[in-house]
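The values are calculated or read from the model by the stated rules, or taken from the named source; none is laboratory data. On a predicted model such as this, the values are computed, not experimentally measured, just so you know. Cβ atoms come from the backbone with ideal geometry, glycine included; neighbour counts cover every protein chain shown.
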Amino acid sequence: MRTSNINNNINPDSSILISKMEDVVIPFSSEVPCDNNGQRMWWAFLASSMVTFFGGLFIILIWRTLKYLWTVCCHCNIKNKEAQKVNNPANNQAADRAPKAPGEKEEAPASEVGWMTSVKDWAGVMISAQTLTGRVLVVLVFALSIGALGIYFIDSSDPIESCQNFYKDFTLQIDMAFNVFFLLYFGLRFIAANDKLWFWLEVNSVVDFFTVPPVFVSVYLNRSWLGLRFLRALRLIQFSEILQFLNILKTSNSIKLVNLCSIFISTWLTAAGFIHLVENSGDPWENFENSQSLSYWECVYLLMVTMSTVGYGDVYAKTTLGRLFMVFFILGGLAMFASYVPEIIELIGNRKKYGGSYSAVNGRKHIVVCGHITLESVSNFLKDFLHKDRDDVNVEIVFLHNISPNLELEALFKRHFTQVEFYQGSVLNPHDLARVKIESADACLILANKYCADPDAEDASNIMRVISIKNYHPKIRIITQMLQYHNKAHLLNIPSWNWKEGDDAICLAELKAGFIAQSCLAQGLSTMLANLFSMRSFIEIEEDTWQKYYLEGVANEMYTEYLSSAFVGLSFPTVCELCYVKLKLLLIAIEYKSEQRESSILINPGNHVKMQEGTLGFFIASDAKEVKRAFFYCKACHDDITDPKRIKKCGCKRPKMSVYKRMKLACCFDCGRSEQDCSCMSGSVHSNMDTLQRAYPLSSVSVHDCATTLRAFEDEHPSTLSPKKKQRNGGMRNSPNCSPKMMSRHDPLLIPGNEQIENMDMNVKRYDSTGMFHWCPSKDIEKVILTRSEASMTVLSGHVVVCIFGDGTSALVGLRNLVMPLRASNFHYHELKPIVFVGSLDYLRREWETLHNFPKVSILPGTPLSRADLRAVNINLCDMCVILSANQNNIEDASLQDKECILASLNIKSMQFDDSIGVLQANSQGFTPPGMDRSSPDSSPVHGFVRQASVTTGSNIPIITELVNDSNVQFLDQDDDDDPDTELYLTQPFACGTAFAVSVLDSLMSATYFNDNILTLIRTLVTGGATPELEALLAEENALRGGYSTPQTLANRDRCRVAQLALYDGPFADLGDGGCYGDLFCKALKTYNMLCFGIYRLRDAHLSTPSQCTKRYVITNPPYEFELVPTDLIFCLMQFDHNAGQSRTSLSHSSHSSHSSSKKSSSVHSIPPSSRQNRSSKSREARDKQKYVHSHFLLW
């Protein structure tokens, strides 16, 4: 449409030309400040895009050229300097001999992350889908791109170019806002890009070049040109990636379907936009005279009939540009319509998608992960390694595998692309090891296939990977998973394998059996420890259910941190109490360093160990930031702070004092008394301070603590203690005012004299050569086999029944790793639980070679599915029933892998038992603090003899079932409401400690990498005390070797234990009914040196009405104000009791040598009637509520 002003300025000679250009002259309005000559300005819009694109490309190429020239020049200068050094050796020697300035130091390569790298990493996180912010940003960019495409659809109904007032055109304002956001997002992508040239040429960048600048030109010229805004349709290609970021697409078929649909639709709409532009504009060389008026949707229709080769002819292209485009589009459109061209293009390209080499970032570590790379193994690894509870993980993960990832695994890599890279290759190829820069890697992690049919073959493959990596770079740290314990010996044959330098082998069979063994000694402990060594996010539940308290404990993990200098000189219990009460941290162990020995990990060592400068502590906390309080704590600055969150780094320094002064103050602090009237120091010590320092020189890291030194001085001088006080405190390491006078692993000669004489029998071998396990001469398997009738006649109670499925061809599960924790040497002989194996004799014969040196082991040939066999071994009187299978990995269907274990578990739970045998009650030897009378129920935290509740139904039998497939846990308990898709740790059987799966051990790979002491701690816990020396011995003989009792071997018995304390009676009964957990923690720590760390509570204890349910669940590290109930069982760490076995040692070991002949006998204990009558009605009621009151101990 023209105005009168335009017509007045037109010459008559040009009227014909104007009439021909009637359709191409832009509309004009007097209200819009536009060109009144009707001159088109499309070239300005196009020029803005071209200048932006080629200008930036030119700058990038110039920068690369200058950088290349600079590198060449520097290389030449280096060569010239080297040549001068060769030509003038005298000058070089003189320069080398020249002294350096005092402040001059050799330049070290920068290892810190620069600000540019930090900004680049920040930008990469912002545009990735790894964090919540990144996911929101990526989805928002895609949504705005679709919005901009919608605005294009609206504007396509207007002329191609028209005058528009920015302040009155609403769609132009919205489009302007969108493009400003696209410009900012383009800047983030540019900063995060590694290769700027490739980034400049990629599709998304080209889309921004031809859509963003024209919008700014429109505002400046008050004109609108539809132009190339249709290119926004290419953003639809990323639709599948967006759905993958949101975890909506999880299967290969769905990803492929959405991918093909998005590519097809985006190409279709983009091509239609180009046809719409050229057909409505015309050809430039024809002066735009051959244009035709086509709507955008008519162009969409034209492209569809063209791709389908139908071609009705009602709509067709008239311009030369349109026809030329259609010629080429038919080829691609037809191929795309046929749906197989993408595969053909990929084959023609013949380029490895995951080739190339890793480019290390300065100041950033990287690790190489290889082995069994699948979606499950990688997702489990990344979920734990990159968990938010860890500190900022500035480590890049490089996966190396010889098979390219499938679409699901590729989607997982894309979600973590800022910290994860994948390369296709093999660790057996040195060229591929060079590609991933294995020589500069911080560590190499090798994952194993836990579900393979041949575990030995899988271990052999991983050992070959270790050999190849060590051969290429001997100094690289390697952490590998092993399936079979006996295959660990082959790693010792590798010359460069050195566990002291950080090389570790995580044996899944060893740890799995150890975790299960823990449940045999203290039910629920395996669940607690599995949660501690796994990174779990906190899930808040408002309702007062058992899940609420369980999940609060699940959020706790194991961390390490160096202790503040404010703790130096204090005893471990003092520091532990201060950390729990003041810092809200639970300290369970420390790394102790001596002057003459290597460092060792001490778990709840007691009063005799004082904190050193730079002591490393092992804490239980909810995240790594909380543990920093132990490092920042300062008594001068933080002593009056009640909120632990306010404990931050302070600028003051703790004044130094003499070592002896600090020792004396620490000793008095433990006693809670002043320095003058402290009972730990006799009068002779006070008066002869100088003599003491001369006779016993001390250092801050001396293995002899202050109490030991003071006691030694008192042994040489007359004591001021009265005879009554000596009798009251003598030999008691649990006395608050008495230092421990007993053996420690650092001082083996401090064994009490009577036990040393009694145990040091040079003619009897009671323990293995390391002193870590009970040992007996090897027995023939025929001597331990029980028939069904013999087992029925044998009164078995308080024993462990191991139901094992397997045959002569099944892979060995390694039953020795299950038995070793049950035969640890810090159990007295009478405390050992008899073990009865029920299973195939052919299979047990193959395992017997590793079991024949352990006492109290019997075999009942049969099947765990036979109720007659189960009744013969008195399964209703056992302390624990373990269900294992050696046939789990031989079945392809994952849902059927656990069928034998599930059937056996359900079979036992459905059994009914006669209560007429109630007279034969099972018993468990309980914990009594040293120096207290076991017969006195009021003086023991746990009674020496606790009657087990009568079992009339199999559902009350304590069972732990091993599972391979986590989802099969839903079949174990028929009365739970667990969803099939619920994670294992959230299910009721796992929370109650009745189910265990090897998948919970996956987190140990990450935990070991970040702290190798964690693996040492957990192996000490679950293996019963296995050491590298013991592993070397087993690699030589594959069997334990007996040894004579010496002070050194007996010293190894002094190891910490785990006990379950009952609150219904005893010295803690006053806290059991409504008391605070924190008060119990402090009382147990001060009075008995016991460290509490969890609760095993009845599932329905929170209900106001009584419940008959006997299921319990685990609560890890409750807060101070947590309310206790009488039926609670408390997990605690306690010291080794030397006096517990003195009264029964002779009797126990006199029958030890004849155990094989009297294998069918078993102790039967019952409570004397008088003791039962003296029990209060309240205690009896509490015992009826809880099914089992355990006082069993586990080696720690």
Which of the residues that make up segment 113-145 are under 30 Å from Trp297 (Cα atoms) and either surrounded by 14 or more Cβ atoms within 10 Å (Cβ to Cβ) or in the same structural domain as Lys388 (by TED's automatic domain parsing) (or both)?
Val138, Val139, Val141, Phe142, Leu144, Ser145
Going by the conditions given, is Gly569 at positive phi, outside the structural domain of Gln484 (by TED's automatic domain parsing) and either free of Cβ contacts under 8 Å to residues at least 12 places away in the same chain or not hydrophobic (A, V, I, L, M, F, W, C) (or both)?
yes
Can you list the strands (runs of 3 or more DSSP E) found entirely within segment 491-598 that contain at least 3 residues being more than 22 Å from Val627 (Cβ to Cβ)?
504-507
Among the residues of segment 112-133, which ones are farther than 12 Å from Arg189 by Cα, in a helix (DSSP H, G or I) and within 28 Å of the chain's Cα centre (by Cα)?
Thr117, Ser118, Leu132, Thr133
Mind checking which residues of segment 474-490 are assigned to a loop (DSSP other than H, G, I, E, B) and either buried (at least 18 other Cβ atoms within 10 Å of the Cβ) or within 23 Å of the chain's Cα centre (by Cα) (or both)?
Ile476, Arg477, Leu483, Gln484
Just to confirm my filter: which helices (runs of 4 or more DSSP H) fall fully inside segment 960-1056 and include at least 3 residues that are free of Cβ contacts under 8 Å to residues at least 12 places away in the same chain?
none
Could you list, in sequence order, the residues of segment 1046-1071 that are buried (at least 21 other Cβ atoms within 10 Å of the Cβ) and touching a Phe, Trp or Tyr at 6+ places or on another chain (Cβ under 7 Å)?
Thr1049, Arg1053, Asp1054, Cys1056, Arg1057, Val1058, Ala1059, Gln1060, Leu1061
Check segment 425-439 and report whether any residue there is among the small types (Gly, Ala, Ser), assigned to a loop (DSSP other than H, G, I, E, B) and either crowded, with 22+ Cβ neighbours inside 10 Å or over 27 Å from the mean Cα position of the chain (by Cα) (or both).
no
Evaluate segment 1014-1028: report whether one residue or more is surrounded by 23 or more Cβ atoms within 10 Å (Cβ to Cβ), among the polar types (S, T, N, Q) and closer than 30 Å to Val1125 by Cα.
no
Among Thr1127, Thr1116, the single one that is buried (at least 19 other Cβ atoms within 10 Å of the Cβ), of a type in the set (S, T, N, Q), under 22 Å from Arg536 (Cα atoms) and at pLDDT 85 or above is Thr1116
Right, Leu277: outside the structural domain of Phe417 (by TED's automatic domain parsing), among the aliphatic types (A, V, I, L, M), closer than 15 Å to Thr319 by Cβ and assigned to a helix (DSSP H, G or I) or not?
yes
Please determine, by comparing only the residues of segment 306-355 that are under 18 Å from Asn259 (Cβ atoms) and of a type in the set (A, V, I, L, M, F, W, C), which one is modelled with the highest pLDDT.
Met336
Taking Ile641 as the residue in question, decide whether it is under 23 Å from the mean Cα position of the chain (by Cα) and either outside the structural domain of Ile1115 (by TED's automatic domain parsing) or not aromatic (Phe, Trp, Tyr) (or both).
no
Could you please give the count of residues in segment 818-834 that are in contact with a helix residue (DSSP H, G or I) (Cβ under 8 Å, 6 or more places away or on another chain) and surrounded by fewer than 24 Cβ atoms within 10 Å (Cβ to Cβ)?
5
Answer yes or no as to whether Cys1109 is in contact with a Phe, Trp or Tyr (Cβ under 8 Å, 6 or more places away or on another chain) and either at negative phi or of a type in the set (A, V, I, L, M, F, W, C) (or both).
no
Just one of the numbered conditions (1) among the hydrophobic types (A, V, I, L, M, F, W, C); (2) buried (at least 24 other Cβ atoms within 10 Å of the Cβ); (3) more than 18 Å from Leu860 (Cβ to Cβ); (4) at pLDDT 90 or above is not true of Met772; which one?
(4)
